[in-house]
Amino acid sequence: MESYPKYKQVVEQLSHKYLNGDLAIGEKLPPERELARQLGVSRTGVREALHYLREAGAIQSKQGGGHYLLVSRLEDAADNQAKLNLKADPSLTAEMLEVRRALECEAAYLAAIRATPADLETFDDCLDLMKHALTEEQGAMADVTFHLTVVRTSQNRMLIEAVDGIVAQMEKNIRTTRRQRFSSDASHYQTTYAEHEMIYLAIKDKRADDAKKLMLRHLNRAYEEIWGERK
C-alpha cells in the first residue's frame, strides 16, 4: 500500500543487511550517519528504524556507545518483542493518545475534503484486511495503515511531517490500545472495525465535520475502555 510506513522500509533494508544471520550477537552496527549513507535514506528514517528494532528486542542502544545486535536474525527477536509489548507504560499510552487526538481529528476533517479515488481505494483495502484478518498482526497493520492513510489524505504537508516524526510511536500506540481493548472483551474487534468504517464513510461522503467527530469518538473510546473514564 502507498502509505506503508517509510521507516518499515528502512527496517527491511537494515534487516537484510545486518540481521540476516551473517553477523554475530554483540556486533556493533555502523554509526547512524554511515547507515543513512549506505541505505540512501535520511538520518530520521534510520533513527525511526533503530527505534523499532530496539523495541522489537533486536538491538541494544548504549548512550554515546552505538547500537549492538541482540540477535543475529530479526525473526529471533519475536520472544523479546512479546515480552516488551507486555510492559506498556499506561501514562505514555495516554499521552500518545492525546497527541493522536490533536493530529488525527484535524486530519480526518481535511481528508473528507481532499480524498482522491486512489485514497478511497486504499481505505477500502484497509477495511477489507481489517475485517478478514486471520491474525492480530494482519489486523494491526491494517489499523496502522488506515490511520496513516487518514493523515496522508489530508494533503497537509506540515501535518504529514509531524506524524512522520512519531510514526513508530504511533504504531506502537495503536498496537497497545488494540491489545488492551481486545483482551478485556473480544466483541471490541467488531466495535473497532465499525468505528473505522464510519470514519471512512464520512470521508468518502465528504462529511468533514462528521469525520472529525467520529475520529474523536474513536480515540476517546480507547481511553474509556482502557482506563474506565475519559481522560
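The values are calculated or read from the model by the stated rules, or taken from the named source; none is laboratory data. Because the structure is a prediction, the values reported are computed rather than measured. These accessible areas exclude ligands, DNA and RNA; they are computed on the full protein's heavy atoms, side chains included. Shrake-Rupley method; radii C 1.70, N 1.55, O 1.52, S 1.80 Å.
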Practice task
For VAL71, tell me the accessible area in Å² from a 1.4 Å probe, rounded to the nearest 10.
Solution key: 10
Problem - Order of exposure, largest accessible area first, which applies to THR93, THR135 with probe 1.4 Å - result: THR135, THR93
Exercise for the section: Sum -39500 (n - 2.57) across every DSSP H segment of at least 4 residues in the chain, then divide by the residue count to get the 222 nm mean residue ellipticity, nearest 500. Expected result: -23000 deg cm²/dmol
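Pop out the carbon and sulfur fraction of the accessible area of the chain as a percent, whole number, probe 1.4 Å.
50
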Handout entry: 1.4 Å probe accessible area per residue over the chain, in Å²
Key = 52
Exercise for the section: Could you tell me the accessible area of LYS28 in Å² (1.4 Å probe, neighbours in place), rounded to the nearest ten? Expected result: 120
